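Visitor: Can you read through this structure? Questions will come right after.
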Amino acid sequence: KAGVTQTPRYLIKTRGQQVTLSCSPISGHRSVSWYQQTPGQGLQFLFEYFSETQRNKGNFPGRFSGRQFSNSRSEMNVSTLELGDSALYLCASRINVGREYGYTFGSGTRLTVV
Amino acid sequence: AQKVTQAQTEISVVEKEDVTLDCVYETRDTTYYLFWYKQPPSGELVFLIRRNSFDEQNEISGRYSWNFQKSTSSFNFTITASQVVDSAVYFCALSEVAGGGNKLTFGTGTQLKVEL
């Protein structure tokens, strides 16, 4: 079974630009969540999507948005990039079946804003 | 609000030593899951172990074992006979099923260095 696929792996953007990151969950998983990891703030929850609906959102500004498609693939978008948005962005695919409840993470997208 | 505390920032051990990583959590939910993840330099979070709030039985899986105690809200993780390949950052995480909206709250991580 293929794992969680995140693209691209690395990205360099300029301040003020926008960026879109992609995540394909494990086949059959309908929940996708996104996390931001920075040296200063650690791992922080961005949002979760389930069956194309955002079910939960972390404490991030409106510049951070996302969506989920009917095939469960998800994208997150960051507009008007700031230097502080430089981070590793991790996507997690969740299964919610009894004892198998858990999250599988992708390899992440490392975003650098210059 | 849910919170996870990993008081150990960095631990250094010599290969073959046993090492225990501490984790203390806070939650108001009665139904929750606790996890340990390993993050090597490549960045991916690798799932290690999971425990739900209704099962306090402690287990051993290969070189990994864990001690879950609801009375002290602790979920400690032990690596037996550590190896250099165990060097990584280890995160403890909590997921509240009802009140938390199925999100993971992470601790700040413990950097484990295993030296020859």
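Here, each number is a calculation from the coordinates, and none is a lab measurement. From a predicted model like this one, the values you see are computed outputs, not experimental measurements. Please note: Cβ atoms are built from the backbone with ideal geometry, for glycine as well, and neighbour counts cover all protein chains shown.
Visitor: For the range B:48-88, what's the relative contact order in percent, using C-alpha pairs closer than 8 Å and at least 6 residues apart?
Guide: In percent, rounded to a whole number, it is 27.
Visitor: Nothing charged except the Cβ atoms of Lys and Arg (+1) and of Asp and Glu (-1): what's the magnitude of the dipole of chain A about its Cα centre? Round to the nearest 20 debye.
Guide: 120 debye
Visitor: Using a 10 Å cut-off around each Cβ, can you sort B:Asp86, B:Asp18 from fewest to most neighbouring Cβ atoms?
Guide: Values: B:Asp86 19, B:Asp18 12.
Lowest to highest Cβ neighbour count: B:Asp18, B:Asp86.
Visitor: List the residues whose amide H sits under 5 Å from the amide H of B:Ser87, counting only those 5 or more places along or on another chain, with H placed 1.01 Å from N in the peptide plane.
Guide: Correct list: B:Val114.
Visitor: Here's something else I'd like to know. Please compute the average number of Cβ atoms from other chains found within 10 Å of each residue's Cβ in peptide B:102-110.
Guide: 6
Visitor: Right, next: Could you tell me the relative contact order of chain A? Use alpha-carbon pairs under 8 Å, at least six residues apart, and round to a whole percent. Walk me through the numbers before you get to the answer.
Guide: Working: 290 pairs, mean separation 40.6, N = 114.
After rounding, I find 36 percent.
Visitor: Could you work out, residue by residue across A:102-109, how many beta carbons of other chains sit within 10 Å of that residue's beta carbon, and then give the average as an integer?
Guide: That works out to 5 on average.
Visitor: Can I ask one more? Between the range A:61-75 and the range B:63-78, how many Å separate their Cα centres?
Guide: Each part reduced to its Cα centre gives a spacing of 35 Å.
Visitor: Let me ask something additional. What is the percent of Cα-Cα separations in the range B:1-102 that go past 16 Å?
Guide: Looking at the range B:1-102, the distances longer than 16 Å represent 58 percent of pairs.
Visitor: Could you line up A:Leu11, A:Leu21 from fewest to most neighbouring Cβ atoms inside 10 Å?
Guide: Taking fewest neighbouring Cβ atoms as first place, the list is A:Leu11, A:Leu21.
Visitor: Residue-wise, which Karplus ³J(HN,Hα) couplings in Hz belong to the range B:88-96, taking 6.51 cos²θ - 1.76 cosθ + 1.60, θ = phi - 60°, and x for glycine or proline?
Guide: Residue by residue, the range B:88-96 yields 4, 9, 10, 10, 9, 9, 10, 10, 8 Hz.
Visitor: Give me D for the protein assembly as shown in µm² s⁻¹, whole number, from Stokes-Einstein with Rh from the Kirkwood sum over alpha-carbon pairs, 4 °C and 1.567 mPa s.
Guide: 71 µm²/s
Visitor: How many partner chain Cβ atoms sit within 10 Å of a residue's Cβ in peptide A:44-57, on average, as a whole number?
Guide: The shielding value for this peptide is 2.
Visitor: If you build a Gaussian network model of chain B, linking Cα atoms that sit under 10 Å apart, which residue out of B:Ile60, B:Ile11, B:Ile79 swings the most?
Guide: In this elastic network of chain B, the residue with the biggest mean-square fluctuation among B:Ile60, B:Ile11, B:Ile79 is B:Ile60.
Visitor: For the range B:26-40, what does the Karplus curve 6.51 cos²θ - 1.76 cosθ + 1.60, with θ = phi - 60°, yield as ³J(HN,Hα) per residue in whole Hz, taken in order and with x for Gly and Pro?
Guide: Per residue, the Karplus-derived 3J(HN,Hα) values read 10, 7, 9, 6, 8, 10, 7, 10, 10, 9, 10, 10, 10, 10, x Hz.
Visitor: Same structure again: How many lysine pairs are close in chain B, with Cα atoms under 17 Å apart and the two 8 or more places apart or on different chains?
Guide: 4
Visitor: Here is a further query. Relative contact order (percent) for chain B, with alpha-carbon contacts under 8 angstrom and 6 or more residues of separation?
Guide: Relative contact order here is 38 percent.
Visitor: Any aspartates and glutamates with Cα under 16 Å of the A:Lys57 Cα? List them, leaving off those in the same chain fewer than 8 positions away.
Guide: Here the aspartates and glutamates satisfying the reach criterion relative to A:Lys57 are A:Glu48, A:Glu75, B:Glu96.
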